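Take a look at the structure below.
The values are calculated or read from the model by the stated rules, or taken from the named source; none is laboratory data. Keep in mind that what you see is a predicted model, and the values were worked out from it rather than measured. Using ideal geometry, Cβ is built from the backbone for each residue, glycine included, and neighbour counts are taken over all protein chains shown. These accessible areas exclude ligands, DNA and RNA; they are computed on the full protein's heavy atoms, side chains included. Shrake-Rupley method; radii C 1.70, N 1.55, O 1.52, S 1.80 Å.
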Amino acid sequence: MPDIKVTPLGAGQDVGRSCILVSIGGKNIMLDCGMHMGYNDDRRFPDFSYITQNGRLTEFLDCVIISHFHLDHCGALPYMSEMVGYDGPIYMTHPTKAICPILLEDFRKITVDKKGETNFFTSQMIKDCMKKVVPLNLHQTVQVDEELEIKAYYAGHVLGAAMFQIKVGSESVVYTGDYNMTPDRHLGAAWIDKCRPDILISESTYATTIRDSKRCRERDFLKKVHETVERGGKVLIPVFALGRAQELCILLETFWERMNLKAPIYFSTGLTEKANHYYKLFITWTNQKIRKTFVQRNMFEFKHIKAFDRSYADNPGPMVVFATPGMLHAGQSLQIFKKWAGNEKNMVIMPGYCVQGTVGHKILNGQKKLEMEGRATLDVKLQVEYMSFSAHADAKGIMQLIRMAEPRNMLLVHGEAKKMEFLKDKIEQEFSIRCYMPANGETTTVVTNPSVPVDISLNLLKREMALGGPLPDAKRPRTMHGTLIMKDNSLRLVSPEQALKELGLSEHQLRFTCRVQLHDPHSDTDTLGRIYSHLKSVLKSYSIQHVPDGTVIVESIVIKVTSSAEEPNLKIILLSWSYQVNKHVMD
């Protein structure tokens, strides 16, 4: 039996370092190629030695697909293609292709230029890697080779994020990457058609969460920022350059305008200017409201939000600062946090998920003393708040996507094991499908039952309908009788008469026979006469004939009586019938 194999090299019962291998119909595909924010050693990148111990990856992979530009999904790409070695095609959407190299370069600067790490990809490697990228549009079916085709669907989450359908023959897999089922202030909700894949591979970051109303969260966020600023405190909001950053900027900008507030709001520069440039460039990927507003003004050019200079962190008085990156694991957000952590008037608001091992994760778990580089200890006195403005699907959203796509099997990645376990049980209960949650390096094998497409002749369908059966329904399979003809690699189901005519064959009729023995002292003719009379009385609605040649015929059934030569009283009744005989007569 054909099967599909799925092996996570990263994001198996874990968040970070997304990298999933799929083997389908003899093709090998790598889905995402990310890095782990919580590690600075070998565990930072996926273990590519799983694919091959020596040699390049090109011989083993048919293609690589990147779902979106977040580093936990694309951060290991130059390492994989340029240092391990891969020359095949890398597929991603146009916005992902534009933004990916900027974030990779930023990541490289922090790691190499600031931390001084050596075994790392260079700027040139990023450029060489991006030359291998093949950009694609939403809903465009791309033929990777003769058998393998892929198609992208809108995923919400961040600009350019896509879910991918991978198809070889009649077997298919859908990989969600990260997605959001609720629209926000600048992006729409994820959408996919009823493609009924053999496996739906879904993220499960918020597997056990059903988030409260977005409006309540926004009100809570504004209240906390306002209160801190009013008492002269500083608010740090660690964000990633694209996505939540724009969402929260729009929110604060309108609130500052409405409340006529004077405290400055800053955004760490560089990346953001480029980010806003790409939002303008790929405006069609945003939601309807933003597209309309863009006619009058650019939603991403703010009146109250100014570019941040690192010297501003020491300024007295209240301020709000958006700084990258979002998990406080490095960069400007961590530098500002160190300066402001000792003052209880200040506040840090974590608007998204934090991976284990990052400073963000530690302070959210209530750690008050942090060991920083060089053995220095940092006392955390400022207020720590967590507010999920994360653009991931919650439990409700994941269930919604399953209803949309109607997969035959489910596989969870990009989540914590305990939470996955809970969601796995819920999915299996509600949808009666198998749900898998492999760990890193563990292979899940799903046996597929490929459907063979067959054209049915109109005459045969009409005949079936005339018999009074239910109307055809894709969800309720039904049996049909006919002759299967294979011609020019296509299959057709036609009526036997049509098949004989098309193939120029004459009909041969099969007859089935059986013997029944009974003791009767009368002659053969009398026995047959009594059988005829009995059948006439019980089968009133059927044509029954007593033929002079000594046979009784009921529809297509022929009955004869003979005596045994050794035992004249033992009668042998011969029954013969053709395949088309009416079932009720046989009963």
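The table that follows gives values for the structure above.
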{"read-out": "Packing-based order for 322-331, 545-554, 67-76, 532-541, using average beta carbon neighbours within 10 Å, highest first", "value": "67-76, 322-331, 545-554, 532-541"}
{"read-out": "Residue-count net charge about Gly529 - beta-carbon cut-off 12 Å; Lys, Arg +1, Asp, Glu -1", "value": "-1"}
{"read-out": "Antiparallel bridge percentage (DSSP; both residues within the range 1-125; nearest 5)", "value": "70"}
{"read-out": "Sequence-distant residues sharing a close amide H with Tyr436 (under 5 Å, placed H)", "value": "Met410, Leu411, Leu412"}
{"read-out": "Nonlocal amide H pairs with Met35, under 5 Å, H built at 1.01 Å", "value": "Arg17, Ser18, Asp72, His73, Cys74, Gly75, Ala76"}
{"read-out": "The chain, accessible surface, carbon-and-sulfur percent (1.4 angstrom probe)", "value": "51"}
{"read-out": "Helical contribution to [θ] at 222 nm, DSSP H n ≥ 4, -39,500 (n - 2.57), averaged over the chain, rounded to 500", "value": "-8000 deg cm²/dmol"}
{"read-out": "Out-of-range pairs (alpha-carbon distance over 30 Å; input Lys292/Lys339; Lys167/Lys289; Lys224/Lys369)", "value": "Lys292/Lys339; Lys167/Lys289"}
{"read-out": "Relative contact order for the range 511-585, counting Cα pairs under 8 Å that sit 6 or more residues apart, in percent", "value": "40"}
{"read-out": "Given charges at beta-carbon only (K, R positive; D, E negative), |dipole| of the range 511-585 in Debye", "value": "380"}
{"read-out": "Normalised contact order of the range 42-86, rounded percent, pairs of Cα under 8 Å and 6 or more residues apart", "value": "47"}
{"read-out": "Euclidean distance between Cα centres, the range 405-467 to the range 368-396, Å", "value": "39"}
{"read-out": "Residue-count net charge about Ala11 - beta-carbon cut-off 9 Å; Lys, Arg +1, Asp, Glu -1", "value": "-3"}
{"read-out": "Pair Lys368, Lys338: separation of 7 Å Cα→Cβ label points (nm)", "value": "2.3"}
{"read-out": "Candidates per GluC sites (Glu not before Pro) in the range 323-392, loop by DSSP, up to 15 other Cβ within 10 Å", "value": "Glu344"}
{"read-out": "The range 214-386, dipole about Cα centre (Lys/Arg Cβ +1, Asp/Glu Cβ -1), debye to the nearest 20", "value": "400"}
{"read-out": "Percent RCO, i.e. relative contact order, over the chain, from Cα pairs under 8 Å lying at least 6 residues apart", "value": "14"}
{"read-out": "For the range 135-254: rounded, prolate or oblate by the Cα gyration tensor [a/c cutoff 1.5]", "value": "prolate"}
{"read-out": "Rg to Rh, two decimals, where the chain supplies the alpha carbon set and Rh follows Kirkwood", "value": "1.23"}
{"read-out": "Cβ-Cβ FRET estimate between Asp309 and Gln429, R0 fixed at 60 Å, reported to 0.05", "value": "0.65"}
{"read-out": "For the chain, with +1 on Lys and Arg beta carbons and -1 on Asp and Glu, the positive-most of Gly366, Leu484, Ser506 along the dipole", "value": "Gly366"}
{"read-out": "Residue-normalised accessible area of the chain, expressed per residue, 1.4 Å probe, Å²", "value": "49"}
{"read-out": "Dipole axis of the chain (+1 Lys, Arg; -1 Asp, Glu on Cβ), positive-most option in Ser541, Ser578, Pro2", "value": "Pro2"}
{"read-out": "Computed magnitude of the charge dipole of the chain (debye, nearest 20; Cβ of K, R +1, Cβ of D, E -1)", "value": "2360"}
{"read-out": "Extended-chain gain in nm, criterion 0.36 nm per residue less alpha-carbon gap, Cys514 and Asn287", "value": "74.3 nm"}
{"read-out": "Antiparallel bridge percentage (DSSP; both residues within the chain; nearest 5)", "value": "60"}
{"read-out": "Global geometry of the range 62-206, whether rounded, prolate or oblate, following the gyration tensor of its Cα atoms and the 1.5 cut on a/c", "value": "oblate"}
{"read-out": "For the range 214-386, fraction of C-alpha pairs farther apart than 30 Å, in %", "value": "16"}
{"read-out": "Approximate spin-label separation Tyr39-Thr254, in nm, with each point projected 7 Å along Cα-to-Cβ", "value": "4.2"}
{"read-out": "Residues whose placed amide H lies under 5 Å from that of Thr93, excluding near-sequence neighbours", "value": "Leu136"}
